[in-house]
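**Q** My structure is below; once you've seen it, I'll send some questions.
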Amino acid sequence: KKIDSARIILTDTFYKPISGYVFTVDSTKTKITFSYNWKEEKQFRVIIPKDAVADTNNVGLLKSDTLKFITKKETDYGSLRLRFVNIDISKKPVLQFMQQDKIIEAVPLTRNEFNRKLIKPGDYEISILFDTNGNGIWDAGSYKLKRQPEIVQQVPKKVVVKANWENEVTINL
């Protein structure tokens with residue numbers, strides 16, 4: 001229910017506060033993100049004072065908490081280049097990465113190629129949502145409004161991202 005971002009502090013291993021990061025909270029208030037120019041294999045700490053967060057019953061932490069983490073090397077991630085053949089960009093396609101029937105990430109496509117570095121290694125199922133209303137999520141149809149549901153096209157083969165690899169896949173729709 002409550003997250004006081006001004007009280008949550010990012011520090012180095014000596015508890016020296018770090019500046020220049022951006023702190024964001026997702027719309028469900030379940031995930032926080034620190035955007036920063038991370039260096040490889042460096043240790044950081046996140047200090048969360050006990051009164052900085054509260055749940056829907058207004059219950060906060062019993063005591064302050066410190067989370068320790070180490071950044072990974074760039075070689076721990078893979079890069080991915082997807083080329084789409086016969087994709088209609090005018091239908092506002094959204095590329096969906098899924099693992100175990102859960103959408104990990106959804107990215108609107110503005111051209112027939114997707115290119116990204118620093119992707120967590122793993123097997124990903126891919127689908128294309130043709131988002132006719134442009135809201136970024138799948139919408140069911142409505143019999144009353146005589147509107148069909150938005151089309152989601154599954155890509156038949158999984159995409160495998162390997163660490164320290166440049167993974168390239170051509171997908172024919």
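The values are calculated or read from the model by the stated rules, or taken from the named source; none is laboratory data. Remember, it's a predicted structure, so these values are computed and weren't measured experimentally. Note that we place each Cβ from the backbone using ideal geometry, even for glycine, and neighbour counts take in every protein chain shown. Just the protein is used for accessible areas: all its heavy atoms, side chains included, with ligands, DNA and RNA removed. Shrake-Rupley method; radii C 1.70, N 1.55, O 1.52, S 1.80 Å.
**Q** What does a probe at residue 66 reach in region 5-34, counting residues whose amide N is under 12 Å from the point 7 Å along Cα→Cβ?
**A** 11-17
**Q** When the convex hull of the C-alpha atoms of the chain is computed, what volume per residue in Å³ does it have?
**A** It is 165 Å³ per residue.
**Q** For residue 18, which sequence-distant residues (separation of 5 or more, or a different chain) have an amide H within less than 5 Å of its own amide H, given hydrogens modelled in the peptide plane?
**A** Sorted by chain and number, the residues that satisfy this are 10, 11, 12.
**Q** Share of the chain's accessible area from carbon and sulfur, percent, 1.4 Å?
**A** So the carbon and sulfur contribution to the accessible surface is 51 percent.
**Q** Might you tell me the accessible area per residue for the chain, computed with a 1.4 Å probe and given in Å²?
**A** Each residue of the chain exposes 71 Å² on average to a 1.4 Å probe.
**Q** I've got another one for you. What does the charge count around residue 152 come to, taking other residues whose C-beta lies under 11 Å from its C-beta (Lys +1, Arg +1, Asp -1, Glu -1)?
**A** -3
**Q** To the nearest 0.05, what FRET efficiency results for residue 35 and residue 172 with a Förster distance of 35 Å applied to their C-beta separation?
**A** 0.50
**Q** What is the gain in length, in nm to one decimal, between residue 5 and residue 23 on full extension, counting 0.36 nm per residue of separation less the C-alpha to C-alpha distance?
**A** That pair, residue 5 and residue 23, stretches by 5.8 nm at full extension.
**Q** Using Cα pairs closer than 8 Å and at least 6 residues apart in sequence, work out the relative contact order for region 43-173, in percent.
**A** 28
**Q** Could I ask something else about it? Rounded to the nearest 0.05, what FRET efficiency is calculated for residue 13 and residue 100 with R0 set to 45 Å and r the Cβ-Cβ distance?
**A** My answer for the efficiency is 0.85.
**Q** With a sphere of radius 14 Å drawn around the Cβ of residue 71, what net charge do the other residues whose Cβ falls strictly inside it have (Lys, Arg +1; Asp, Glu -1)?
**A** +2
**Q** Let me ask something else about it. For region 1-116, what does the relative contact order come out to in percent, with C-alpha contacts under 8 Å and a separation of six or more?
**A** Worked out over region 1-116, it gives 21 percent.
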